[in-house]
Amino acid sequence: MAKRAITLTVNDETHELFVEPRRLLIDALREDLGLTGTKRGCEEGVCGCCTVLLDGKHVRSCLMLTLQVRGRAITTIEGVRGADGGLDPVQEAFIKHGGLQCGFCTPGFILTTKAFLAECASPSEADVREALSGNICRCTGYVKIVEAVLALASERSAR
């Protein structure tokens, strides 16, 4: 199958690639661009490990064709940083509240949380659990992850 030229904007950087029309976004990110923070999990869009932000909204990169994201802004975990260039507040909250263990699912949770809190500044615990329900973690049992998100939301609303 003939490859097609595509320009991708990933983490505020422009990349020129030649991809087959059926090339999945996760493959372009991991294999072509070397951004391995995006994890390959179930490959069915169920686990959330492959989550990236597309124009600020969380999407499953294992379900998207690379050609579908032409002209849109993609953010992977490698592009997540705070205003000072250090850790993003979501990352800091996960660390502070023990919302990570092995780290495999963490990038998906971080990106899902960023998108969620951009839309819902004062969530309830039920809101957080619903927002994160598309991400699977086999280590933490979710309690610490939910606590981290609620604490960050509370901290932000107190400002």
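Tabulated values for the structure
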{"item": "FRET efficiency estimate (nearest 0.05) - Cβ-Cβ, Ala118 to Arg40, R0 41 angstrom", "result": "0.95"}
{"item": "Accessible surface of Cys137 - all protein chains present, 1.4 Å probe, nearest 10 Å²", "result": "10"}
{"item": "Carbon and sulfur %, accessible surface of the stretch 70-159 computed with the full protein complex present, 1.4 Å", "result": "52"}
{"item": "Tensor-based shape of the chain (alpha-carbon gyration tensor, a/c under 1.5 rounded, otherwise prolate or oblate)", "result": "prolate"}
{"item": "Contour minus Cα-Cα distance for Leu17 and Ala73 (0.36 nm per residue)", "result": "18.6 nm"}
{"item": "Residue among Leu29, Thr9, Cys102 farthest towards the positive dipole end of the chain, charges placed on Cβ", "result": "Leu29"}
{"item": "Probe 1.4 Å, accessible area per residue of the stretch 33-86, Å²", "result": "47"}
{"item": "Three-way shape label, the stretch 37-96, alpha-carbon gyration tensor, a/c 1.5", "result": "oblate"}
{"item": "Listed pairs Lys39/Lys96; Lys39/Lys114; Lys96/Lys144; Lys57/Lys144 exceeding 20 Å between Cα atoms", "result": "Lys39/Lys96; Lys57/Lys144"}
{"item": "Contour minus Cα-Cα distance for Ser154 and Lys3 (0.36 nm per residue)", "result": "49.6 nm"}
{"item": "For the chain, size of Cβ-based charge dipole, Lys and Arg +1, Asp and Glu -1, in debye", "result": "260"}
{"item": "Loop sites in the stretch 1-87: GluC sites (Glu not before Pro), DSSP, at most 16 other Cβ within 10 Å", "result": "Glu43, Glu44"}
{"item": "Calculated from backbone phi, Karplus (6.51, -1.76, 1.60) coupling profile of the stretch 89-103 in Hz, x at Gly/Pro", "result": "x, 5, 4, 4, 5, 4, 5, 4, 9, x, x, 8, 9, 6, x"}
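The values are calculated or read from the model by the stated rules, or taken from the named source; none is laboratory data. Nothing here was measured: the structure is a model prediction, and the numbers come from that model. For neighbour counting, all protein chains shown are included, and Cβ atoms are generated from backbone atoms with ideal geometry for every residue, glycine included. SASA here: full protein model, heavy atoms, side chains in, ligands and nucleic acids out. Shrake-Rupley method; radii C 1.70, N 1.55, O 1.52, S 1.80 Å.
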